[in-house]
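Step one of this worksheet: look at the structure below.
The values are calculated or read from the model by the stated rules, or taken from the named source; none is laboratory data. Since the structure is predicted, the reported quantities are computational estimates derived from the model, not experimental observations. Cβ: placed from backbone, ideal geometry, glycine included. Neighbour counts: every protein chain shown.
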Amino acid sequence: MTLKKIILFVVFGISVISLKAQEVPVHEQYIFDYMLVNPCFTGIAESSVIKLAHREQWTGIKDSPRTSFLLMRHRLKDQNLGIGGYIFTDSNGPNSHHGLQLSGSYHLLLKSKRTNKLILSFGISLRGEFHILDESNFESDIYDPVIKYSSVSSFLPNANAGILLSTTSLFIGYAVDNLIPYTDKLYNDSYEPRRYFLHNFHFGKIWNVGRDGQVRPSLTFKTNLHGQNQADFSFRYYFLFDKKVKSTFVKHSNEFWVGILYKQTMDKQHFSPLSVSPAFGFTFNKFTLSYLYDFGLTRIQTRNFGTHQISIGIKFLHNYYSTWNKFDIPYFESDF
């Protein structure tokens, strides 16, 4: 096996380790939309959203991981139901995953005031993906019984569910993935670890700063309860601008934000920083754009030029107000 193939296997192995805390590559882009980790965020805002996002990991390394998805989420008009989903594609060396996830949510209004709402949300998603392992181009000078030297595929079903308590300026949520037990037939059970439930706890808060500013910190903790854990902390500052809606609750439709995301592995036998990522984004009228650059803090960073994530989207909002319960409440647009 050539040196290039050995490096490719090392890169693939490190990426597998880094994903054990989430096991779904699309989850890594949740900083752009929390629906990726918790289906309760489907329809949490009354506006309909379409997003296209791409993640280019470890640029400079050939066949490095790449993930793209197209997402849609929608709040049914004058209803407490949300629907949505995404299609995705992920490639990582000889491995590629292509799939679809469909999500639904139910939002129970616990309390309603003129300027705020208290909502308890429940969500569930069903996902199916095709896993393709292409080893047809591997050099076979030295025979390895683990390698098949051909292209094979398998279908992987899965599901996740979540619960979320939120107000206009706060959310506390929990989601669990890998609800459908399955074994990927492309791998030997003696070499691959069992897929445990993946638990995701998340918290976010919005604080107003003056008339036109907001601070939005958030914390996400991921664990499979078998020694593999990861904590992510993000901090974003929003500058809100444009013509304000004349109501008791002042709103803005345009915003610009800057922030930073820090990731830390907290595995049972491995406690170290993973990455630090500056980011920025803006919303102008119906259009949104977000960008994140990931500085890896592991040894693999010395062999690449970092990771890029970018997202573009569009929001559809037909009316600024919604009659829910006995109050005519301004639409809840914040995506946290």
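Would you be able to tell me the number of residues in the stretch 66-84 that are in contact (Cβ under 8 Å) with a residue 24 or more places away in the chain and either surrounded by 23 or more Cβ atoms within 10 Å (Cβ to Cβ) or part of a strand (DSSP E or B) (or both)?
Selection size over the stretch 66-84: 12.
Whether any residue in the stretch 123-137 is among the hydroxyl-bearing types (Ser, Thr, Tyr) and at pLDDT below 90 is what I want to check.
Yes; the residues of the stretch 123-137 include at least one that is among the hydroxyl-bearing types (Ser, Thr, Tyr) and at pLDDT below 90.
Restricting the search to the stretch 255-302, which residues are part of a strand (DSSP E or B) and among the β-branched types (Val, Ile, Thr)?
Within the stretch 255-302, Val258, Ile260, Thr265, Val276, Thr283, Thr288 qualify.
Of all residues in the stretch 85-95, how many are crowded, with 17+ Cβ neighbours inside 10 Å, assigned to a strand (DSSP E or B) and on the phi < 0 side of the Ramachandran plot?
7
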